[in-house]
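Remarks on the structure that follows.
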């Protein structure tokens with residue numbers, strides 16, 4: 001086995017210091033040289049070209065696949081919450097009821113990554129995924145997809161550092177309000193009308209916050225979210241291209257347009273046969289915070305569970321190497337990750353993150369390269385390596 005300059009406590013790693021250096025350098029290039037990378041933008045395209053070249057330099061044969069996408073989740077959610085709010089301005093009757101129901105159906109569609117969400121009406125741009133395959137040394141008996149996303153987000157009051165600790169509950173509250181206002185035909189008379197009114201006021205507030213983000217927000221550098229995930233994928237690609245697993249095929253996947261509605265991953269799942277695959281998603285792994293795995297994703301309501309077998313093996317990694325212990329955490333941000341649509345479809349996935357409370361610098365202009373913690377990033381890469389080795393051995 002190729003050894004790194006220093007082993008990690010109770011285990012010897014095949015990750016070289018140069019792999020970590022390359023990952024950290026990727027974070028710098030993506031966040032500083034390319035800069036903010038909105039979904040389906042020219043900057044995201046530049047990031048895709050850079051990632052493809054880095055994978056090729058590791059001896060791999062990367063492929064880029066285009067798909068239809070949008071610049072932001074703003075237009076689709078403005079349409080959904082705007083329609084729910086507008087319904088309250090009509091008199092009681094079919095138009096009002098239909099508007100409320102359609103808004104709820106579009107919101108549910110987007111939350112389940114289906115084709116009947118409002119986002120299907122807003123995909124007017126082109127984005128791309130970049131992926132490469134590392135075949136095993138022996139017979140391929142299983143496939144693990146190591147995932148991250150290349151795009152970065154936009155700031156807004158909804159992502160203010162004082163708000164993000166409660167973002168999951170706020171997202172859940174708006175989801176409940178969207179569903180309640182659709183019940184207007186059933187409960188909208190008598191005392192129930194006040195409940196419907198409150199629900200539509202919450203929808204109006206959500207509309208206002210999203211509009212404020214679209215108008216006044218700024219595109220953020222995205223060093224931690226998620227140039228760090230890309231850096232981890234590239235470091236893993238270098239490590240396992242030198243020494244592949246014995247019986248496990250590795251697919252390195254870097255998606256586009258995660259921040260505008262997880263469109264990259266949903267496109268990849270629709271165009272590839274991933275039955276039986278396992279997905280290990282890196283999202284925000286350079287913050288100076290604890291290493292975690294998410295046990296649930298999608299928010300307090302309508303959440304989906306991470307794969308129990310992957311959670312167990314993640315726990316076993318921590319038993320074998322305590323310095324790489326990754327404690328389970330529920331609902332990292334309250335918003336979906338690249339692993340979420342896999343879970344929604346009944347697939348096997350887990351997300352690796354660095355956080356304690358709220359995600360540090362989450363969707364905020366302070367998400368800068370200068371805040372990257374090399375030791376925290378290194379631990380996340382070493383954890384991923386140990387998890388893949390354990391999957392291969394089982």
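What the table shows:
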item	result
Scope segment 25-45; condition more than 11 Å from residue 230 (Cβ to Cβ) and buried (at least 24 other Cβ atoms within 10 Å of the Cβ); matching residues	39, 40, 44
Condition met for residue 64 (assigned to a helix (DSSP H, G or I), touching a residue at least 12 places away in the same chain (Cβ under 8 Å) and closer than 14 Å to residue 254 by Cβ)	no
Some residue of segment 203-217 being assigned to a helix (DSSP H, G or I), free of Cβ contacts under 8 Å to residues at least 12 places away in the same chain and either in contact with a helix residue (DSSP H, G or I) (Cβ under 6 Å, 6 or more places away or on another chain) or closer than 30 Å to residue 48 by Cβ (or both)	yes
Residue in segment 45-61 that is within 30 Å of residue 174 (Cβ to Cβ) and outside the structural domain of residue 179 (by TED's automatic domain parsing) present	no
Residue within segment 67-88 that is at positive phi, in contact (Cβ under 8 Å) with a residue 40 or more places away in the chain, touching a helix residue (DSSP H, G or I) at 6+ places or on another chain (Cβ under 6 Å) and not assigned by TED's automatic domain parsing to the domain that holds residue 250 present	no
Checklist (1) part of a helix (DSSP H, G or I); (2) buried (at least 16 other Cβ atoms within 10 Å of the Cβ); (3) touching a strand residue (DSSP E or B) at 6+ places or on another chain (Cβ under 8 Å) applied to residue 381, failing item	(3)
Top-ranked residue in segment 293-310 [being out of contact with any strand residue (DSSP E or B) (no Cβ under 8 Å at 6 or more places or on another chain) and not in a helix (DSSP H, G or I); ranked as modelled with the lowest pLDDT]	300
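One line per residue, one yes/no per condition, for (1) outside the structural domain of residue 145 (by TED's automatic domain parsing); (2) surrounded by 17 or more Cβ atoms within 10 Å (Cβ to Cβ):
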| residue | (1), (2) |
| --- | --- |
| 190 | yes, no |
| 202 | yes, yes |
| 212 | yes, no |
| 228 | no, yes |
| 256 | no, yes |
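The values are calculated or read from the model by the stated rules, or taken from the named source; none is laboratory data. None of these values were measured; they are calculated from a predicted model. For neighbour counting, all protein chains shown are included, and Cβ atoms are generated from backbone atoms with ideal geometry for every residue, glycine included.
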